[in-house]
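Engineer: The structure is given below, and queries will be raised subsequently.
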Amino acid sequence: MDRKRKSQERRNPRRLIVVLGVLVALGAILFARASLDSSRLRIASPQELPAYFETIGYTSKVLRSGNAGVPRFVVSEIPDDWAANLPVDQKKSLFFRALLPMVLMVNEEILKDRKRLQDIRSSLAQSSALSSSDWTWLVQVAEGHGMTIQDDRDSVGVHSLDQLLHRVDAIPPSLALAQAAVESAYASSRFAVEGNALFGQWHLGKGLVPEEQRTELGDYRVASFASPRDSIRAYMKNLNTNRAYRPFRELRAAARQQNERLRGAPLAEGLLAYSEKGQAYISLLRSLIARNGLSAVDGARLIDHQSTRIVTGLL
């Protein structure tokens with residue numbers, strides 16, 4: 001009888017409700033004590049993000065000020081209800097603030113490689129010998145950006161480095177945010193929710209199948225990713241390597257030669273091939289950047305040394 005009574009108690013719905021209540025309370029405690037954990041932040045729901053952003057002073061007003069300090073964090077995934085019941089303006093603000101740190105972090109990775117390339121170029125310009133480690137790294141970076149170094153280690157010249165520097169460079173944050181908003185419908189599209197796909201990139205034979213797949217183009221699908229940051233990495237690599245976006249890279253290189261800050265609105269002109277809409281797509285991106293004051297984030301900078309991983313859910 002004691003065993004039977006215990007079994008019944010385990011199946012008691014009241015006990016289940018109590019357990020769920022404890023878990024919800026635990027989630028709230030973890031959120032409230034997030035500042036005690038500098039590497040991981042768990043929140044019960046995405047709707048708690050705006051409150052968290054406010055507590056750390058990460059507001060839309062700060063971003064619009066220009067040269068904003070941005071906390072270093074990554075969002076683990078895109079929940080399907082992340083913007084439920086939010087007014088449109090708040091939805092957009094949350095979307096931009098959630099993505100910007102990851103955009104800056106991926107740019108940071110790219111600029112680290114760019115700095116090493118520039119150092120190697122300076123050494124070559126001074127007729128210094130290329131070390132074995134620099135040569136191995138250079139070949140790997142070139143291959144990763146769709147290039148082949150034609151020279152050998154002893155004869156590689158600055159021209160090859162200049163070509164590679166056209167590809168290894170940052171993407172203006174305002175442009176990345178604007179394209180993500182357009183291509184993912186502010187992270188509410190099926191592809192964003194199911195595959196963290198923020199930029200509508202296609203992949204042959206692998207990924208998420210569109211409801212109206214264009215079979216005349218082959219088995220094209222929307223590429224899916226393990227995390228939003230991986231989607232951002234793939235997007236930036238696409239702009240930096242795809243031959244279709246060479247005009248974008250040339251505009252960016254010209255801005256670099258003039259010592260100008262990379263800005264999304266003017267560089268958008270180089271992305272005519274990104275959408276079948278052509279010039280209308282460029283106009284849409286520029287309009288979105290202007291309406292939402294995104295030009296200011298092209299001067300944003302990361303302020304924390306250790307990143308925080310934001311996870312949604314109770315446990």
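Engineer: Against the condition touching a His at 6+ places or on another chain (Cβ under 7 Å) and surrounded by fewer than 16 Cβ atoms within 10 Å (Cβ to Cβ), how does Ala253 come out, does it pass?
Structural biologist: yes
Engineer: Name the single residue, out of those in segment 155-185 being at pLDDT below 85 and assigned to a loop (DSSP other than H, G, I, E, B), that is farthest from Val106 (Cα to Cα).
Structural biologist: Ser155
Engineer: Which of the numbered conditions does Asp152 fail, given that it passes all the others? Conditions: (1) among the charged types (D, E, K, R); (2) part of a helix (DSSP H, G or I); (3) loosely packed, with under 14 Cβ neighbours inside 10 Å.
Structural biologist: (2)
Engineer: Counting only residues that are of a type in the set (S, T, N, Q), give me the helices (runs of 4 or more DSSP H) lying completely in segment 227-308 with at least 3 of them.
Structural biologist: 228-241, 279-291
Engineer: Follow-up question, since we're still on this one. Look through Leu94, Leu100, Leu117, Leu124 and report the one residue that is crowded, with 17+ Cβ neighbours inside 10 Å, in the same structural domain as Ser307 (by TED's automatic domain parsing) and either free of Cβ contacts under 8 Å to residues at least 60 places away in the same chain or more than 24 Å from the chain's Cα centre (by Cα) (or both).
Structural biologist: Checking each option against the conditions leaves just Leu94.
Engineer: Any residue that is assigned to a helix (DSSP H, G or I), farther than 21 Å from Val103 by Cα and at pLDDT below 90 - is there at least one of those in segment 186-209?
Structural biologist: Yes: segment 186-209 contains one or more residues that are assigned to a helix (DSSP H, G or I), farther than 21 Å from Val103 by Cα and at pLDDT below 90.
Engineer: Being touching a helix residue (DSSP H, G or I) at 6+ places or on another chain (Cβ under 6 Å), of a type outside the set (Gly, Ala, Ser) and in a loop (DSSP other than H, G, I, E, B), is that true of even one residue in segment 81-92?
Structural biologist: yes
Engineer: On the basis of being assigned to a helix (DSSP H, G or I), farther than 19 Å from Tyr58 by Cβ and either in contact with a Leu (Cβ under 6 Å, 6 or more places away or on another chain) or not charged (D, E, K, R) (or both), does Gln118 make the cut?
Structural biologist: Spelling it out, Gln118 is indeed assigned to a helix (DSSP H, G or I), farther than 19 Å from Tyr58 by Cβ and either in contact with a Leu (Cβ under 6 Å, 6 or more places away or on another chain) or not charged (D, E, K, R) (or both).
Engineer: OK, next. Scan segment 128-141 and give yes if some residue there is of a type outside the set (Phe, Trp, Tyr), out of contact with any Phe, Trp or Tyr (no Cβ under 7 Å at 6 or more places or on another chain), exposed (fewer than 12 other Cβ atoms within 10 Å of the Cβ) and part of a loop (DSSP other than H, G, I, E, B), otherwise no.
Structural biologist: Checked segment 128-141: at least one residue is of a type outside the set (Phe, Trp, Tyr), out of contact with any Phe, Trp or Tyr (no Cβ under 7 Å at 6 or more places or on another chain), exposed (fewer than 12 other Cβ atoms within 10 Å of the Cβ) and part of a loop (DSSP other than H, G, I, E, B).
Engineer: Quick check on my filter: what residues within segment 155-169 are surrounded by fewer than 16 Cβ atoms within 10 Å (Cβ to Cβ) and small (Gly, Ala, Ser)?
Structural biologist: Those that are surrounded by fewer than 16 Cβ atoms within 10 Å (Cβ to Cβ) and small (Gly, Ala, Ser): Ser155, Gly157.
Engineer: Regarding Ser295, is this residue crowded, with 17+ Cβ neighbours inside 10 Å and over 18 Å from Leu111 (Cα atoms)? Can you show your working first?
Structural biologist: Details: crowded, with 17+ Cβ neighbours inside 10 Å: yes; over 18 Å from Leu111 (Cα atoms): yes.
Spelling it out, Ser295 is indeed crowded, with 17+ Cβ neighbours inside 10 Å and over 18 Å from Leu111 (Cα atoms).
Engineer: Sticking with this structure for a sec: Quick check, is Phe73 farther than 17 Å from Leu177 by Cα, among the aromatic types (Phe, Trp, Tyr) and surrounded by 14 or more Cβ atoms within 10 Å (Cβ to Cβ)?
Structural biologist: So Phe73 fails the test.
The values are calculated or read from the model by the stated rules, or taken from the named source; none is laboratory data. What you are looking at is a predicted structure, and each value in this text was computed from that prediction instead of being measured. For neighbour counting, all protein chains shown are included, and Cβ atoms are generated from backbone atoms with ideal geometry for every residue, glycine included.
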